[in-house]
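Input: a single structure, listed below in structure tokens.
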Amino acid sequence: MSSNTPATAHKNNTAPAAEGEEHKVSNFLRQIIEKDLEQGTHAQRRWGGTPGDAAHHTAGQPDPAKIRTRFPPEPNGYLHVGHAKSICLNFGLARDYGGVCHMRFDDTNPEKEEQEYVDSILDAVQWLGLGWQSQCGGKTEDHLYYASNYFDFMYRAAEVLIEAGHAYVDEQTPEQMRANRGDFGKPGIDSPFRSRTQADNLARFREMRDGKLPDGAAVLRAKIDMASPNINMRDPAIYRIRRATHHNTGDAWCIYPMYTFAHPIEDALENITHSICTLEFEDQRPFYDWLMDRLAEGGLINTPPPRQYEFARLNLTYVITSKRKLAQLVNEGKVSGWDDPRMPTIVGLRRRGYTPESIQLFAERIGVTKSDSWIDYSTLEGCLREDLENKAHRGMAVLDPVKLVLTNWAEAFGSDSYLEACTQPALPHRAVPEGQTPPADRTFQIGKEVWIEREDFEEVPPKGYKRLFPGNVVRLKGGYVIECTGCARDAAGKVTEVHAKVIPGTKSGTPGADSVKAKAAITWVGVADGVQAEVRLYDRLFSEAQPDAGGKNFLDALNPDSLKVVTAYVEPSLAAAKPDQKFQFERHGYFVADRADHGVDGKVVFNRVTGLKDSWGK
């Protein structure tokens with residue numbers, strides 16, 4: 001487990017919503033659960049096998065007072081924002097209704113699965129503040145499961161199907177199977193191996209298990225209906241031969257169950273009450289139910305069996321969530337890795353500066369429906385701003401610096417080297433939650449030279465410009481009022497210094513602060529105590545709202561301005577930041593100390609999380 005896992009990672013996921021907690025918006029899944037609890041739908045569950053089977057195979061006996069959901073990723077990649085929605089949904093429903101959510105890995109494909117992905121998934125779920133432990137009778141129960149732990153049972157279930165005439169070994173080539181499957185306008189054609197006897201099928205299946213057949217030579221298929229209008233019911237494959245080392249079971253098996261066969265069995269063995277998945281699995285539900293009925297008939301699973309329910313997946317503008325395409329971005333060097341802050345992966349969002357609370361708020365706000373729709377990326381950013389407003393300490397940073405020289409500093413204060421302390425609140429009082437003590441003020445120094453933003457000076461100002469131009473007065477925020485007198489330029493005409501005079505007696509927080517009216521206040525960082533920083537200005541990775549719509553090459557929609565790196569100056573309080581600490585750079589937006597690079601070899605590195613407002617709005 002990551003050493004950075006928050007303390008909330010193992011909080012009790014079975015606790016009902018706390019008294020006074022914000023009311024959760026109803027949706028069709030909540031209505032189903034509430035009806036099931038009211039009617040005691042799952043209270044009459046009975047085990048169909050022997051007590052020994054039950055003790056060996058079930059992951060906890062049914063409890064009529066609890067619902068059981070599950071989050072079942074395949075460990076073949078890093079989780080993304082779409083998975084975050086599912087995590088929040090499944091763990092959240094279990095929490096709100098006093099139930100249990102299982103953390104389960106659907107690890108049935110050893111060729112694509114790795115322990116690295118297992119570890120990253122566990123870390124992501126914990127970082128989101130959700131856990132798979134619950135309290136029962138004063139004891140802690142751990143609800144972490146692996147499909148691979150059920151391989152023995154799955155194999156036995158396959159043999160039961162064969163013995164009952166519900167499965168057969170097919171030795172057609174993949175091309176023959178594909179051609180004989182038919183299409184939406186044409187029924188499939190029975191395999192020539194479909195009429196084999198149960199005894200022959202059982203013997204051949206055991207030869208598959210014992211490694212007597214090469215990879216791809218045969219598959220075990222469910223025997224359902226090759227003329228079904230639902231192509232998924234046309235004798236789907238349920239076992240295939242794969243000689244590959246599994247991350248959990250090693251080389252114990254050379255045959256592996258297909259996901260569509262394994263998943264319902266996992267749900268049944270774990271006594272899941274509500275198996276919630278996205279709409280692309282809706283056409284698979286008839287097979288899910290068919291398999292549950294057959295295994296119940298064979299006395300292998302509890303009754304009534306689990307039920308599958310589907311909801312619309314997350315479609316977020318300016319984002320792609322295809323694992324294949326995300327891997328392509330990484331492998332082709334379009335991004336720096338899976339945790340690149342422009343990536344929609346959970347590790348990328350975390351490094352970008354998103355908080356668990358903002359993602360949970362986003363998941364709650366977009367709701368749960370059965371119809372596909374697009375959510376604008378600004379909704380996600382808005383949830384982050386809402387969460388950080390009362391959390392992120394303020395600070396001043398100059399991202400495009402030019403030096404401002406206060407030419408009368410020695411005359412005003414007796415010495416060009418004189419430095420004076422200034423203070424500003426770390427959090428404005430309006431942002432401090434009621435009942436909490438405001439954090440200590442920030443302290444920094446003003447002297448003869450300070451850094452200001454280059455855009456804060458115009459020798460010939462445009463109409464309505466209120467910042468520095470010759471003859472105008474502005475306030476250095478938290479410091480003095482100054483009057484601009486001009487600038488110095490290099491041989492190419494570029495401004496190298498801005499010149500101004502300080503007006504003594506006008507410092508913020510003193511009786512004379514309002515003695516001179518300034519039309520604007522600008523941010524600044526002292527040359528004497530400012531710290532140089534690398535600031536990475538991240539933006540959306542794609543410039544089109546739907547980068548892969550209509551078969552387009554999503555790489556053509558990459559935003560060339562998605563990352564700009566600048567050398568900036570930040571006030572001393574920001575230089576002391578810890579990795580992952582979030583700030584609001586006044587006027588610029590929200591930033592986070594990079595969790596990988598900040599502090600390494602003394603580097604000061606900040607990532608832009610988001611601006612103070614949506615810059616992509618119409």
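Values quoted throughout were computed directly from the atomic coordinates according to the rules given, and no laboratory measurement underlies them. Here the structure is a predicted model, which is why all the values come from computation and not from measurement. No Cβ is skipped: glycine too gets one built from the backbone with ideal geometry, and neighbour counts run over all protein chains shown.
Summarising the strand pairing of the range 307-466, around 90 percent of its internal DSSP beta bridges are antiparallel. Computed from backbone phi with θ = phi - 60° and the Karplus coefficients 6.51, -1.76 and 1.60, the 3J(HN,Hα) list for the range 490-504 is 8, 4, 8, x, 7, 5, 9, 8, 10, 10, 7, 10, 7, 9, x Hz; x is used for glycine and proline. Amide hydrogen proximity for Asp594: with H placed 1.01 Å from N in the peptide plane, the residues at 5 or more positions away or on another chain lying under 5 Å are Asp580, Val605, Phe606, Asn607.
Loop-only GluC sites (Glu not before Pro) in the range 400-442, please: DSSP not H, G, I, E or B, and at most 11 other Cβ atoms within 10 Å. Walk me through the numbers before you get to the answer.
Working: sites: Glu411, Glu420, Glu434; in loops: Glu434.
Counting only loop positions with at most 11 other Cβ atoms within 10 Å, the GluC sites (Glu not before Pro) in the range 400-442 are Glu434.
For the range 532-610, the calculated P(r), taken from all Cα-Cα distances in 10 Å bins from zero up to the bin holding the longest distance, is 19, 42, 22, 14, 3 percent.
Give me the angle, in degrees from 0 to 90, between the Cα long axis of helix 259-269 and the longest principal axis of the Cα atoms of the chain, rounded to the nearest 10. It works out to around 90 degrees. Residues Asp170, Asp416, arranged from fewest to most other Cβ atoms within 10 angstrom of their Cβ, appear as Asp416, Asp170.
Of interest is the spacing of the C-alpha centroids, which for the range 111-168 and the range 519-577 amounts to 41 Å.
Can you find, among Gln328, Pro344, Phe311, the residue farthest towards the positive end of the dipole of the range 311-353? Put +1 on the C-beta of Lys and Arg, -1 on that of Asp and Glu. The Cα lying farthest towards the positive end belongs to Phe311. The angle between the Cα long axis of helix 356-366 and the longest principal axis of the Cα atoms of the chain comes to about 70 degrees, rounded to the nearest 10. Beta bridges assigned by DSSP with both partners in the range 397-523 are antiparallel in approximately 75 percent of cases.
By count of other Cβ within 10 Å, fewest leading, how are Leu122, Leu220 ordered?
On the way: Leu122 19, Leu220 26.
With the sparsest Cβ surroundings first, the list reads Leu122, Leu220.
Percent of Cα pairs in the range 151-257 per distance bin of 5 Å, from zero to the largest separation: 2, 13, 23, 23, 18, 12, 6, 2, 0. By DSSP, the beta bridges lying fully in the chain are antiparallel in about 70 percent of cases.
How do Thr245, Thr69, Thr437 line up, fewest other C-beta atoms within 10 Å first?
Thr437, Thr245, Thr69
Counting charges near Arg194 (Lys, Arg +1; Asp, Glu -1) among other residues having Cβ under 14 Å from its Cβ returns a value of 0.
Is it possible to state the helix-based mean residue ellipticity at 222 nm for the chain, with each DSSP H run of 4+ residues giving -39500 (n - 2.57), the sum divided by total residues, to the nearest 500 deg cm²/dmol? What is it? Could the numbers behind the result be given before it?
On the way: 15 runs with 152 residues, N = 618.
Using -39500 (n - 2.57) per qualifying helix, the result is -7500 deg cm²/dmol.
If I model the range 397-523 as equal point scatterers sitting on the Cα atoms and use the Debye formula, what is log10 I(q)/I(0) at q = 0.16, 0.19 Å⁻¹? Here the Debye-derived log intensity ratios amount to -0.83, -1.10. Coupling constants for the range 556-561 follow from the phi torsions by the Karplus curve (6.51 cos²θ - 1.76 cosθ + 1.60, θ = phi - 60°), and in residue order they are 5, 9, 4, 7, x, 9 Hz; glycine and proline get x.
In the chain, what is the volume of the convex hull around the alpha carbon atoms, normalised per residue and reported in Å³? Walk me through the numbers on the way to the answer.
Details: hull volume 122.3 nm³, N = 618.
That works out to 198 Å³ per residue.
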